[in-house]
Structure formats: structure tokens, C-alpha cells
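S.K.: I'd like to ask you about the structure that follows.
The values are calculated or read from the model by the stated rules, or taken from the named source; none is laboratory data. Bear in mind the structure is a predicted one, so any value in this text is a computation, not a measurement. Virtual Cβ from ideal backbone geometry, glycine too; neighbours counted across all protein chains shown. Side chains included, ligands, DNA and RNA excluded: accessible areas come from the protein's heavy atoms. Shrake-Rupley method; radii C 1.70, N 1.55, O 1.52, S 1.80 Å.
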Amino acid sequence: MPARFWEAEAGRAFVGRLETGSDLVEEIERHCAEHGIRAAQVTVVGAMRRVRYAYYRQEAKEYLELASETHHELTSFVGNISERDGRPFLHAHASFADAQGATVGGHLLRGCEVFVAEVMIRELGDVSLVRIHDEETGLALW
């Protein structure tokens, strides 16, 4: 299958800081729902008290869920907002470093407890990014 791209217009931009103890994924999705954001680019800088992430097993078409209950610096975060089941859905991958500099990461899950998080959301306009089940991969894709 050839690559598919859609042209998008630059929309509103939001910057903010999440409350300590909040859930990283839930708060970003909540903000997007409250402001009618259906497509966006998301970046985050910060640190987590607890992290939850997953690794996708391609052959089995299932996620292996992983977690760490210790403090981690958020060393990398790339994500987007699209629609899934009629609501804003955050799809993000992140890397986290512990006190020794060892890193873990993968597909971000609910349950990442914020210590500090500075969030930038750049809305994309004039584009519809709706996730639907893809039989070949087993994932919900645009």
C-alpha cells in the first residue's frame, strides 16, 4: 500500500502545566475534549512519579503492558490527538530515565502519574484523523 498523507492547516496552540498527581494521558485527552480538539500534535517535558507503557507484539497483535513505580524523567515524548470512538484519543510514545540513566519506554498508557509536566498542544485544522480497526496490523489506525 502506498503512503497516505493529508494536508492540514495550523490551528490553535495551547501550552500548560499539569497538576502534580494527575494522570498524563487523561488530562491531555480531557483538555482536548473540552476545547473541541480533534487533531493535534502533542509534546511534553517533565517527570513522572509512576509510568505505564506498552510494547506491541506484532505477531500476536497484542500489547504487553509494562510499568515502573519509581520516579522517572520524561526524556522523550512524541504524540498526536485523533478521534477514536467519537472522542479525542492521545497516541504517544515516550522514553523515561531513572536515577542511573537507564531508560524504558514505549506506547504511553493511562496511569502515568505526573510529578511535573509542561504540555504543548498544536491543533491541526481542516483534517479528519479518525482511528478505525486495521485488520492487517490489529491496530486502530487513521
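S.K.: Being touching a helix residue (DSSP H, G or I) at 6+ places or on another chain (Cβ under 7 Å) and of a type in the set (D, E, K, R) is the filter; apply it to segment 87-116 and report the residue that is least open to solvent (accessible area, probe 1.4 Å).
M.R.: The selected residue is Arg110.
S.K.: While we're on this one: I'm trying to understand the selection: among the residues of segment 57-85, which are over 16 Å from Ala97 (Cα atoms) and in a strand (DSSP E or B)?
M.R.: Arg57, Glu62, Tyr63, Leu64, Glu65, Gly79, Asn80, Ile81, Ser82, Glu83, Arg84
S.K.: Let me ask something else. Quick check on Val119: is it outside any strand (DSSP E or B) and either crowded, with 16+ Cβ neighbours inside 10 Å or more than 15 Å from the chain's Cα centre (by Cα) (or both)?
M.R.: Here the answer is no, as Val119 does not meet what is asked.
Yes or no, residue by residue, for (1) at pLDDT 95 or above; (2) outside any loop (DSSP other than H, G, I, E, B); (3) surrounded by fewer than 16 Cβ atoms within 10 Å (Cβ to Cβ):
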residue	(1), (2), (3)
Ala3	no, no, yes
Ala13	yes, yes, yes
Arg17	yes, yes, yes
Glu29	yes, yes, no
Ala33	yes, yes, yes
Ile37	yes, no, no
Val44	yes, yes, no
Arg52	yes, yes, no
Tyr55	yes, yes, yes
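S.K.: Return the pairs, sorted by first residue and then second, in which the second residue is open to solvent by 100 Å² or more (accessible area, probe 1.4 Å) and not in a loop (DSSP other than H, G, I, E, B), the first residue lies in segment 1-16 and is touching a residue at least 12 places away in the same chain (Cβ under 8 Å), the beta carbons are less than 9 Å apart, and the residues are 6+ apart or on different chains.
M.R.: Between residues of segment 1-16 that are touching a residue at least 12 places away in the same chain (Cβ under 8 Å) and residues that are open to solvent by 100 Å² or more (accessible area, probe 1.4 Å) and not in a loop (DSSP other than H, G, I, E, B), the close pairs are Ala10/Arg122; Gly11/Arg122; Arg12/Arg122; Ala13/Arg122; Phe14/Arg122; Val15/Glu118; Gly16/Glu118.
S.K.: Here is a follow-up. Considering Glu73, Glu59, Glu34, which residue is out of contact with any His (no Cβ under 8 Å at 6 or more places or on another chain), farther than 24 Å from His133 by Cβ and free of Cβ contacts under 8 Å to residues at least 24 places away in the same chain?
M.R.: When all the criteria are applied, what remains is Glu34.
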